[in-house]
1. Against the condition modelled with pLDDT under 85, part of a helix (DSSP H, G or I) and under 30 Å from Glu281 (Cα atoms), how does Asp457 come out, does it pass?
2. Among residues belonging to the range 317-340 that are of a type in the set (Gly, Ala, Ser) and in a helix (DSSP H, G or I), point out the one that is farthest from Met473 (Cα to Cα).
3. Restricting attention to the range 261-278, and to residues there that are open to solvent by 10 Å² or more (accessible area, probe 1.4 Å) and modelled with pLDDT of 70 or more, which single residue is farthest from the chain's Cα centre (by Cα)?
4. Has the range 486-497 got at least one residue that is open to solvent by less than 40 Å² (accessible area, probe 1.4 Å) and either under 30 Å from Gly66 (Cα atoms) or among the acidic types (Asp, Glu) (or both)?
5. Only one of these is more than 25 Å from the chain's Cα centre (by Cα), open to solvent by less than 40 Å² (accessible area, probe 1.4 Å) and on the phi < 0 side of the Ramachandran plot: Gly215, Gly201. Name it.
6. Is one or more of the residues making up the range 348-365 outside any helix (DSSP H, G or I), among the polar types (S, T, N, Q) and over 28 Å from Cys74 (Cβ atoms)?
7. For the structure I just gave you, tell me whether Leu604 is under 29 Å from Ser344 (Cα atoms), surrounded by fewer than 19 Cβ atoms within 10 Å (Cβ to Cβ), touching a helix residue (DSSP H, G or I) at 6+ places or on another chain (Cβ under 6 Å) and modelled with pLDDT of 85 or more.
Amino acid sequence: MAKKIYECGTLRYSLGGLLVAVGLILFAFFCFTLTTSIVNTLIPLQLKDVLGADNKTITVIISTIGGIFNITICPMVSFKSDRYRSRWGRRIPFILWTMVPYVLSILFFAFSGSIAAFLRNFAGLSKVAPATVTIITIGVVMAFYQFFYMFVASVIYYIYNDVIPVRFQARVVGAVQVATTAASTIFNLFLLKYSISCFKGLMILAAVVYAVGVGLMCFMLKEPEYPPLSEKDARNSKGSAGALTFIKESFSHPFYWYAFISTGLLSVSGIGTFLIFYNQEMGLSLDNIGKLFGIQGIIGTGLSIAGAAVGTLLIDRWHPVRVYLFGILLAMLEPLGFLKFIFSTPPPMVFWWSSMMLAVFLRIGGTLFSFSSMPVLMRTYPKSRFGQFCSACAMLRSVLVLVFGLILGACIDLLKYQAGLGDFAYRYIWGWRLLWMIPSVVFFILLYRQWLKLGGDNFCAPAPWSESGREEMPVTEIRHPTEKLVKLGMIAVGAVVLLHIVMAAVLCVISLRGGNGRGFLVLGMPLAAAAGVFCWLIWRGVARDLKKIRNGQQPVNGIPHHGLLFLCAISAAGMSGIGFYQALSVISSVSAVWFWCAESLILLVILLMIILLIRIERGYSEIDKA
């Protein structure tokens, strides 16, 4: 019996060869993620807790330097790698050439204290405070590190798009997510608590791990061969002509602008430099934070494994663009869930368990969201210019993160020192996240409408460099909602809303027995009842439109996808359960009413998301017969 052969360009794999290639990629991503987790966490802690740097300085060193290089180095490397030809491939050379200086920069971090001491003694800096010299040294090393990091980060995420057959790409994306989540989990669970006491040792470990894992992939993984560039393409890829080609092609259509801006604003919302300080302010020790992140990572790894096995199939069946829309909407629930702590503080362990439960329920939808992010690019960015469009997005994203990262640091310092809030100021990072997630969602909705107009499930990418102005994209069979699944989804949402009302009644009874139930009677129960009325109105509208479609008539609105309905039901059940636990844990205080009312408002937001999707799909909804 002949061996089955899998092809990707000029590459031909047996099953064993394909598994080896995937294994090399997964090991490289595991090591790369572990290395960046160590560097990205230890440096802010070293700057703040050991050296006493202020938030603006931390932001400049951590975000600004990298942002500048991301604007300049990343687009250049990505653009060149699309058009580069060598016996080593078009991506791997950029990683291999920078390996030695990249590893050295990590080792320089490890010995930054010794370097600073040398400079004070022999470079005429003896009058400068030791901490100041060390901060400057770390800043210089960070510039060195970020410069070479950009060569790696610019192309490593393109490799599996180049070397893995199309039929396996979604599953490999899922497997990469599992590997990176596992690396983060190992760091948070076992290494984070030693971030200050074993700074030098962890940095040396990071350098060794990167050299072994990524080096193994570079020397053993083979890239496909590509035809030589035409004279025209070669001419338009050099110097100022190349820069003009990059700009002209990448920013040629509103569809790409919406994609770039949405991604950029989402990155601005997710600036996480101060997240560890926020958890410390909420009363958690580094050990508790490490356990929290570690257990969340274990849960995330489990969900990633399930997502890789099942979720990637759902992404293909529902279409990555559609799943990403679901995910970016549900992602807003995280800042909403934490904003309540600006107004009331729970006991530290109540916060710990709340954070744990929030991660569990939101990561169910978040896993599909994260798994769909790369397939969205693969299905919307032209394959012939994939690296170029990814780098154009990264360039705009970096400009936004660079500018707003500085603003965030200044805002935190303003609240911390000028407004006298102290470390309480870190609680406002969730307001910052929500502030920028909202316009990010708006721009992705604009992209989604463009995507529908450009073919939707049969999308063709705008391509001004081709005669037709379009580039065909991979098309797979999509499962649209059925009447039965939509009804089941609405029943699931309705059941959760009913459970929320029952929880409100239970809390009201318990608080009345304790003589503190007025708040639940005046606010808690009415808000829960309002969610019930809202849900019934949505149900009535969907049932009306399903009946119109069944009778061959045009529906008034779109039909919500059953996938979103089930994800909303799961998320709403989790958020309501968390609110019930928080309120019950402080039932004798006024905070109980606030915690519960906040969750009722979040439930109303989830129902608004369903209405929003109904309006977006207006005129484009398709229903399968079975």
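The values are calculated or read from the model by the stated rules, or taken from the named source; none is laboratory data. For clarity, every value in this text was computed on a predicted model and none was experimentally measured. Here Cβ is always computed from backbone atoms with ideal geometry, including for glycine, and neighbour counts include all displayed protein chains. These accessible areas exclude ligands, DNA and RNA; they are computed on the full protein's heavy atoms, side chains included. Shrake-Rupley method; radii C 1.70, N 1.55, O 1.52, S 1.80 Å.
1. Working: modelled with pLDDT under 85: yes; part of a helix (DSSP H, G or I): yes; under 30 Å from Glu281 (Cα atoms): no.
No; evaluated as a whole, the condition is false for this residue.
2. Initial filter on the range 317-340 (of a type in the set (Gly, Ala, Ser)): 327, 331, 337.
From the residues that got through so far, the ones that are in a helix (DSSP H, G or I) too are 327, 337.
Details: Gly327: 23, Gly337: 38 Å.
This residue is Gly337.
3. Selected residue: Ile276.
4. no
5. Details: Gly201 fails: open to solvent by less than 40 Å² (accessible area, probe 1.4 Å).
Sole residue among the options that is more than 25 Å from the chain's Cα centre (by Cα), open to solvent by less than 40 Å² (accessible area, probe 1.4 Å) and on the phi < 0 side of the Ramachandran plot: Gly215.
6. Within the range 348-365, the first condition is being outside any helix (DSSP H, G or I), and the residues that meet it are none.
No, that holds for no residue.
7. On the way: under 29 Å from Ser344 (Cα atoms): yes; surrounded by fewer than 19 Cβ atoms within 10 Å (Cβ to Cβ): yes; touching a helix residue (DSSP H, G or I) at 6+ places or on another chain (Cβ under 6 Å): yes; modelled with pLDDT of 85 or more: yes.
Judged against the criteria, Leu604 is a match.
Residue by residue, here is whether (1) closer than 28 Å to Tyr381 by Cβ; (2) open to solvent by less than 20 Å² (accessible area, probe 1.4 Å); (3) basic (Lys, Arg) holds:
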{"site": "Ile328", "(1), (2), (3)": "yes, yes, no"}
{"site": "Leu336", "(1), (2), (3)": "no, no, no"}
{"site": "Ile342", "(1), (2), (3)": "no, no, no"}
{"site": "Leu358", "(1), (2), (3)": "no, yes, no"}
